[in-house]
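Novice: Pasting in a structure now, in structure tokens, and then I'll have a few things to ask.
The values are calculated or read from the model by the stated rules, or taken from the named source; none is laboratory data. None of the values given here were measured: they were computed from a predicted structure. Backbone-built Cβ (ideal geometry, glycine too); neighbour counts: all protein chains shown. Areas reflect the complete protein model, heavy atoms only, side chains present, ligands, DNA and RNA absent. Shrake-Rupley method; radii C 1.70, N 1.55, O 1.52, S 1.80 Å.
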Amino acid sequence: MLEIESPASPQTIDLKDYKIPDYYIETVDLHFELGEKQTTVRSRLAISRYSEAKAPPLVLNGEALELLSIQLDGQVLDKKDYQQNPESLTLFQVPERFTLEIETRIYPQDNTTLSGLYTSGGNFCTQCEAEGFRRITYFLDRPDVMARYTTTIVADKKKYPVLLSNGNLVAQGEEDNGHHFAKWQDPFPKPSYLFALVAGDLARIEDEFVTRSGRKVALHMYVQSHNRDKREHAMASLKRAMAWDEQVYGREYDLDIYMIVAVDDFNMGAMENKGLNIFNSKYVLAKPETATDTDYENIEGVIAHEYFHNWSGNRVTCRDWFQLSLKEGFTVFRDQQFSADQGSPAVKRIQDVNHLRTYQFREDAGPMAHPVRPESYVEVNNFYTMTVYEKGAEIVRMLYHLLGPEGFRQGTDLYFDRHDGQAVTTDDFVKALEDANALDLSQFRRWYSQAGTPELRISRAYDAEKSTYTLKIKQTCPPTPGQPHKAPLHIPLAIGLLDSQGEDLPLRLAGETTAVTGTRVLELRQEEEAFVFHDIPCEPAPSLLRSFSAPVKLYLDLRDEERYFLLAHDKDRFNRWEAGQQLAVKIILGLVKDYQQGKPLVLDSAFIETVGRILESDEPDQAFVAHILALPSEHYLAEFMAVIDPDAIHETRCFIRRSLAKALQELFAATYQALTKTGAYRRDPKEMGRRKLRNTCLGYLMELDEPDIRSQCLQQFNHADNMTDVIAALSRLVDIEGPERKIALQTFYDKWQEDSLVIDKWFTLQALSRRQDTLARVQELTHHPAFKLTNPNKVRALIGAFSQGNPARFHDPSGKGYGFLGDYVLKLDPLNPQVAARLVSAFNPWQRYDQNRQELMKAQLERIAKTPQISKDVYEIVSKNLA
Ligand code: ARG
Ligand code: ZN
């Protein structure tokens, strides 16, 4: 491995080293004096030792803190009684029970890491997960130390009229010199990562929710006052989520008040602090003129996600950060279920699977591959990953398939009941489900410890004489870092067999007396096994892995006609879509080869006809139709290539879109017209589906680059009454050479320059443009006054979008795109290591590319590795890439 100068060999934390804490903290009394330059924090901790026999030193975590004083049971401690270093404070001798009072000074206004206490738009806020609390005061900053918190906040009344923390407001009042204070008390013991504080000038919107047991919960949402008119959707989503969790999981809210605060500067999506969620404003603020249908869906999902954490995360929390998926995987599954119930379940599943296969599969095949319950980390913030979240959710979904809805609910009831108020492990979760269902999930547990995407190779055989149909299934899993050999997994494979009419055949396995009609779940456990179905009257079309019942890659040699048949007839709507995707993948990969060999490209006419038929079909779920018409993404296609060729993928995919548009121009145009809006703007599943399909048609038509279509697109851009239609038009206009592009971009900017979230879209669309000059334009935009390196949304909108969402331009063979990313990783790292580490991750798949690109990407990784003082966040990603 490469010699890396800094930081002084960061430490690796291993799961196997977990030890229960030596000391517990029962209560925490915090006192904040928020100032314009500095903040002082007084903390009074009631601490008790775990073991009576030993008296180990007390080691508190602390980072970027100025220690002002320490007192133990009222006695000021002398310098020789403790030792301070940059990451901890050690007290050599402490009694069995004692009170510790610590005073520290911090500088929130200068805190660009957005971890701990910082300011955003002039307001104070916190982010403590995973290890931000130690940047506020010295503490046992680990999730298995749960304490009761009381928080007093003192600040200038004019500047910071709103003072919030977790729990209930128990006192407030005025002080002299224009200051006021508020005192909050949280009755529930919690880990430090759920602590939150907000102080500022914010507009409050109030609502109320009555729980099923009749308790009234005040719902308060805080936004900057110019965003008052964008709060309705988030509030309505919250109430739906609260009702849903009562109905589906029997979970009621437990405090008298639930607060949500929106801030503009935030490292991630949102944070589930007890009773006081803090959100990236992107996941709160919406009105039809500024937010797209996708934004609306995301808001609903994230609001629900954070709310659901109150039980799956807060009431039952994680023992250590290796267990992160305990709360995240389960909560993502819950929010996916919730969103599926709000609209089209098939469309929701398609979106989630698309996301998983595009990004999580890639992560699982690269240098950062790790199990859902990782074994080690250098920087825990690097493990808020697609694997922990999305694959973690797939594991919970598989349990749902294996147990069935009722068994699953019995399991979660037992889990919440058994572990309420505790900090537990993923194993405790599985155990509760197991115990409630009298079931053996020992083999299933491997899903948590084994990394990599399993592969299923399936062959089938029909025996007409015996009327039997046999599926032979072989499972393997490729090696991942540190895991050369894999053991077989317990996999639920949902299947159906279709007769020639497209009806599901009754399925009876050897040894069974009755048949099951409809989808049935096969349980795979062996490396190789066979399932024999009896009384199968004719050769069926196999519909396998229905609704994507397991996060695996499936290899099955279907004939094209079978895929066309499934696309038309499968009862499982997810698999209808999947059949179409498989056809498209096969066609595109074939053309990629032709392209690489310089052969002329010709699009299969059966495919064109099918697309035409789908357009003409009377399928009522128009969002579903739009998804069928969407070709697989360039990233997803790349997953199928031994050596990724981003140009060939891009050119071929564009060629197919153009060919479809040419061949079916009239149909696309007619559909576009037929789907013209009637009546006022509405945002319901039907209208959203209509917009989606109509904009899909527009997208295809714009491939033709004809003046009439361009002006139609500009027309939509100018006259739409909602952001969905505006963005759909603008995202096509940014690709073209004609004058419409410049006009539209300028118009958009002039209109929305005051709205930071809308300007993020403006940055992103330009970063995603197919045009050859995109990198130059992106570089120019980094100097635009609206671009701020300290604002993560801006960084993601421009640099993130370019490097992760525009493979054709990012992977320019000159290496200019790589150099640009390298520059910005190094610029950002000293300010915000968490976001810098996300950016540098765009290089993770570097070994999947050709020699030239590999060398160019490697050179950037080495350059970053050699830079003195890089953060451990970036160090971990870069060193794992170069290992
Ligand atoms: N628990 C939050 C969520 O999933 C994520 C916060 C993580 N933040 C971080 N800086 N690692 O909703
Ligand atoms: Zn979460």
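Novice: Considering only segment 250-276, state which residues are more than 16 Å from ligand 2 (Cβ to nearest atom) and in contact with a Ser or Thr (Cβ under 8 Å, 6 or more places away or on another chain).
Specialist: Glu252, Tyr253, Ala262, Val263, Asp264, Asp265
Novice: Quick one: Tyr296 ticks every box in (1) within 16 Å of ligand 2 (Cβ to nearest atom); (2) open to solvent by 10 Å² or more (accessible area, probe 1.4 Å); (3) under 26 Å from Phe209 (Cβ atoms) except a single one, so which number is it?
Specialist: (1)
Novice: Looking only at segment 55-88, how many residues end up being more than 12 Å from Glu103 (Cβ to Cβ) and surrounded by fewer than 12 Cβ atoms within 10 Å (Cβ to Cβ)?
Specialist: 8
Novice: Starting from segment 304-316, take each residue that is hydroxyl-bearing (Ser, Thr, Tyr) and list its partners that are within 11 Å of ligand 2 (Cβ to nearest atom), counting only C-beta distances under 6 angstrom and pairs at least six apart or across chains.
Specialist: Pairs found: Ser312/Lys327; Ser312/Phe330; Ser312/Thr331.
Novice: Considering every residue within segment 426-441, establish whether at least one is assigned by TED's automatic domain parsing to the domain that holds Pro542 and in contact with a strand residue (DSSP E or B) (Cβ under 7 Å, 6 or more places away or on another chain).
Specialist: no
Novice: Same structure, new question: Could you please give the count of residues in segment 463-483 that are part of a strand (DSSP E or B) and either farther than 30 Å from Glu561 by Cα or under 38 Å from the mean Cα position of the chain (by Cα) (or both)?
Specialist: Counting residues in segment 463-483 that are part of a strand (DSSP E or B) and either farther than 30 Å from Glu561 by Cα or under 38 Å from the mean Cα position of the chain (by Cα) (or both) gives 8.
Novice: Got a number for residues in segment 320-358 being under 29 Å from Pro478 (Cα atoms) and within 16 Å of ligand 1 (Cβ to nearest atom)?
Specialist: Number of matching residues: 17.
Novice: Of all residues in segment 489-530, which are part of a loop (DSSP other than H, G, I, E, B) and among the basic types (Lys, Arg)?
Specialist: Answer for segment 489-530, where residues must be part of a loop (DSSP other than H, G, I, E, B) and among the basic types (Lys, Arg): just Arg525.
Novice: Moving on. For segment 302-321, which residues satisfy the criterion of being open to solvent by 10 Å² or more (accessible area, probe 1.4 Å) and more than 11 Å from ligand 2 (Cβ to nearest atom)?
Specialist: Selection gives Trp311, Arg315, Arg319, Asp320, Trp321.
Novice: Another one. Scan segment 384-409 and report the pairs whose first residue is open to solvent by 10 Å² or more (accessible area, probe 1.4 Å) and whose second residue is assigned to a loop (DSSP other than H, G, I, E, B), with Cβ atoms within less than 6 Å and a gap of 6+ or a chain change.
Specialist: His401/Ser549
Novice: May I ask you to list the residues in segment 798-817 that are open to solvent by 10 Å² or more (accessible area, probe 1.4 Å) and hydrophobic (A, V, I, L, M, F, W, C)?
Specialist: Passing the criteria: only Ala801.
Novice: Among (1) away from ligand 1 (no atom under 13 Å from the Cβ); (2) surrounded by fewer than 24 Cβ atoms within 10 Å (Cβ to Cβ); (3) touching a residue at least 60 places away in the same chain (Cβ under 8 Å), which single condition is Val261 missing?
Specialist: Exception for Val261: condition (2).
Novice: Go through (1) in a loop (DSSP other than H, G, I, E, B); (2) under 24 Å from Leu403 (Cβ atoms) one by one and return the number of the condition Lys486 breaks.
Specialist: (2)
Here's the yes/no breakdown for (1) touching a residue at least 60 places away in the same chain (Cβ under 8 Å); (2) surrounded by fewer than 19 Cβ atoms within 10 Å (Cβ to Cβ):
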| residue | (1), (2) |
| --- | --- |
| Tyr448 | yes, no |
| Arg457 | yes, yes |
| Tyr469 | yes, no |
| Pro478 | yes, yes |
| Pro481 | yes, yes |
| Leu507 | no, no |
| Thr514 | no, yes |
| Ala530 | yes, yes |
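Novice: For segment 532-565, what are the residues that are open to solvent by less than 30 Å² (accessible area, probe 1.4 Å), not in a loop (DSSP other than H, G, I, E, B) and not hydroxyl-bearing (Ser, Thr, Tyr)?
Specialist: Phe533, Ala541, Pro542, Leu544, Arg546, Phe548, Leu556, Glu562, Arg563, listed by residue number.
Novice: To continue, here is another question. Residues in segment 362-381 that are open to solvent by 10 Å² or more (accessible area, probe 1.4 Å) and either under 16 Å from the mean Cα position of the chain (by Cα) or among the aliphatic types (A, V, I, L, M) (or both): how many?
Specialist: Residues meeting the conditions: 7.
Novice: Still on this structure, please answer the following. Considering only segment 421-445, how many residues are open to solvent by 10 Å² or more (accessible area, probe 1.4 Å) and over 26 Å from the mean Cα position of the chain (by Cα)?
Specialist: So the answer is 11.
Novice: Turning to a different aspect of this structure: Which condition breaks for Thr331 when tested against (1) in contact with a Ser or Thr (Cβ under 7 Å, 6 or more places away or on another chain); (2) away from ligand 2 (no atom under 16 Å from the Cβ); (3) among the hydroxyl-bearing types (Ser, Thr, Tyr)?
Specialist: Here Thr331 meets the rest and fails (2).
Quick grid of which residues meet (1) farther than 21 Å from Ile205 by Cα; (2) crowded, with 20+ Cβ neighbours inside 10 Å; (3) modelled with pLDDT under 95:
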position	(1), (2), (3)
Lys239	no, no, no
Asp245	yes, yes, no
Gly250	yes, no, no
Ala270	no, yes, no
Gly275	no, yes, no
Ser281	no, yes, no
Lys287	no, no, no
Glu300	no, yes, no
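Novice: Val28 passes all but one of (1) open to solvent by 20 Å² or more (accessible area, probe 1.4 Å); (2) part of a strand (DSSP E or B); which number fails?
Specialist: Val28 satisfies every listed condition except (1).
Novice: Right, another one. Pull out all pairs, ordered by first then second residue, where Cβ-Cβ is under 6 Å, the residues are six or more apart or on different chains, the first lies in segment 108-129 and is closer than 19 Å to Lys274 by Cα, and the second is β-branched (Val, Ile, Thr) and within 10 Å of ligand 1 (Cβ to nearest atom).
Specialist: The qualifying pairs are Cys125/Ile278.
Novice: Shifting gears a bit: Taking the conditions exactly as written (over 15 Å from the mean Cα position of the chain (by Cα) and open to solvent by 10 Å² or more (accessible area, probe 1.4 Å)), does Gly343 satisfy them or not?
Specialist: The answer is yes for Gly343.
Novice: OK, next. Of the conditions (1) away from ligand 2 (no atom under 16 Å from the Cβ); (2) outside any loop (DSSP other than H, G, I, E, B), Val396 clears all except one; give me its number.
Specialist: (1)
Novice: Can you confirm whether segment 190-198 contains a residue that is at pLDDT 95 or above and open to solvent by 10 Å² or more (accessible area, probe 1.4 Å)?
Specialist: no
Novice: Which one of Lys686, Lys677 is touching a residue at least 24 places away in the same chain (Cβ under 8 Å), charged (D, E, K, R), open to solvent by 20 Å² or more (accessible area, probe 1.4 Å) and under 24 Å from Ser617 (Cβ atoms)?
Specialist: Lys686
Novice: Hey, another quick one. Would you confirm, using the coordinates I've provided, whether Ala291 is modelled with pLDDT of 95 or more, more than 15 Å from ligand 2 (Cβ to nearest atom), closer than 22 Å to His355 by Cα and in contact with a Lys or Arg (Cβ under 6 Å, 6 or more places away or on another chain)? Break it down stepwise before answering.
Specialist: Details: modelled with pLDDT of 95 or more: yes; more than 15 Å from ligand 2 (Cβ to nearest atom): yes; closer than 22 Å to His355 by Cα: yes; in contact with a Lys or Arg (Cβ under 6 Å, 6 or more places away or on another chain): no.
Taking the combined requirement at face value, the residue does not satisfy it.
Novice: May I ask you to list the residues in segment 642-656 that are open to solvent by less than 50 Å² (accessible area, probe 1.4 Å) and touching a strand residue (DSSP E or B) at 6+ places or on another chain (Cβ under 9 Å)?
Specialist: Ile644, Asp645, Pro646, listed by residue number.
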